[in-house]
Structure formats: C-alpha cells, structure tokens
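Notes for the one structure printed next.
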Amino acid sequence: MKNKAKHLLKTIVHATLCAVVALNVSCSGEDGLDGAMGPQGPAGPAGQDGQNGQDGEDGQDGQDGNANVIASDWFQLRYDDLSGANPPTWGAMIIQNDDIPELDLESFVEEGGALLVYAKIFEGPPEETDYIILSTPTTYGSLTFISGFRNFESELGLAIQVEGPDVSSLENIPNLTFRYVLVPANTVQAFNLDNENIPETFDEAAALFGFGE
C-alpha cells in the first residue's frame, strides 16, 4: 500500500512538471504574423456646425485718383460776349453746363474744384508744328488770355476771354485754340493741390492727370 502511494505521488509530480515545461515552451516561441485588417466601420454622425463669427467693420473708402478729371479737346474761340468798342477790345467764350454734362458746374465750384485753361498758339501755318502752349492767365504780345467762372445770362459758365487792341480777327481761327481741364475737389485733395502747387505748365498737368496732347 505504501509503494502504491509513492508511485501515485511520482506520477502526479511528473505530470505537473510536464505541464510546466509545455507552458514555458509555448510562451517563449516567436510571435506569429499579424492577421489581416478588418473592414472599416461605418462613419459616425456629422458634428454640429460652429457659430458664425461676427462680420468685420467696413474700411474707409480711399480717395479717388484722377479718374474724374475732365479734359476737353482743343477748340477754336467762339465769342458769346463781345465788347461794344469799335474795334472790340475783348471777346469772351462762355462754356455752359450743357456743354459739360459730366458734372454740375455749381457744385464743382462750391466744392473747391480746380480749373486749368491752356492756349495753343501756332507761330506759323497750322499745318506746321511750330507752336507754344501757355497756361492762362497769360500775356502773349499785345494779347491777354483770361479764364475763370462767371454768370452769363443767369447761368454759371466757364469763361475764356481775350483782350487786346482788336480781338475781332481771333475768333474761329485754327492758329489759336484752347483746352480746359476740370479737376474735382476730391482729386485736388488726393493730389494735395492748392494754389501754390497746381501744375504750372501743360506738360506737367498732362503727366500728372494722365491726358495726352
């Protein structure tokens, strides 16, 4: 009976050792290859939209450049008003608002717009290129050229006046032509113009405001 008990105990111990050895061998082996990735799951529900931010403040409008400057073509003198002397010692051409529909002359003057007027004088036949351009007011020989705004027949107009011993022969001739440039007040401010730095010559004005001869 005693021998049977010892034999049974050895059998149990042997079986236990075998189990421990088998467990150690299986745990110490190299890892197997990763299995294939499973299919992607369904997308989750969309999140809630965030709150809209507040609109920024509008910036201040910039000053206009020279887009509103009005420059006429060269035109011949046509008298609308003439002195009663014989021969006449002055004659004036009055350009009224109907001739310049792009702006209102009353508002233009009240707001501080600038007027430039130039006289183009051919010193030879008009088909030649021998001429000079003078800013008004100016004197050329015995003639004086004046420009500005004045009321004529109860309406404000742009006046170009010629004074001299006899101005009757200066009307409607190609040797003497004029051109006006109207610079609105906002452009006067944008270019920081005043009576001291208004362009003195036609070339300076053409370069500054971007119009050709």
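The values are calculated or read from the model by the stated rules, or taken from the named source; none is laboratory data. Note that the structure is a prediction, hence the values are computed from the model and not measured. Here Cβ is always computed from backbone atoms with ideal geometry, including for glycine, and neighbour counts include all displayed protein chains.
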One residue from ALA119, ALA85 being without any contact (Cβ under 8 Å) to a residue 60 or more places away in the chain and in contact with a Leu (Cβ under 7 Å, 6 or more places away or on another chain): ALA119
Confirm whether GLU204 is touching a Phe, Trp or Tyr at 6+ places or on another chain (Cβ under 7 Å) and surrounded by fewer than 17 Cβ atoms within 10 Å (Cβ to Cβ). no
Of GLU153, GLU171, the only residue that is modelled with pLDDT under 95 and either in contact with a Lys or Arg (Cβ under 7 Å, 6 or more places away or on another chain) or over 20 Å from ALA114 (Cα atoms) (or both) is GLU153
Consider only pairs whose beta carbons are under 7 Å apart and that are at least six residues apart or on different chains; among these, list those whose first residue lies in the stretch 92-107 and is free of Cβ contacts under 8 Å to residues at least 60 places away in the same chain and whose second residue is among the charged types (D, E, K, R). none
Output for the stretch 174-213, where each listed residue is of a type in the set (S, T, N, Q), modelled with pLDDT of 90 or more and farther than 16 Å from LEU116 by Cβ: ASN175, ASN186
Residues of the stretch 68-102 being closer than 15 Å to ASN151 by Cβ and in a loop (DSSP other than H, G, I, E, B), which ones? ASP80
Qualifying residue in the stretch 176-185 (condition: surrounded by fewer than 17 Cβ atoms within 10 Å (Cβ to Cβ) and of a type in the set (Phe, Trp, Tyr)): no
Tally time: how many residues in the stretch 103-141 are assigned to a helix (DSSP H, G or I), in contact with a strand residue (DSSP E or B) (Cβ under 8 Å, 6 or more places away or on another chain) and exposed (fewer than 14 other Cβ atoms within 10 Å of the Cβ)? 1
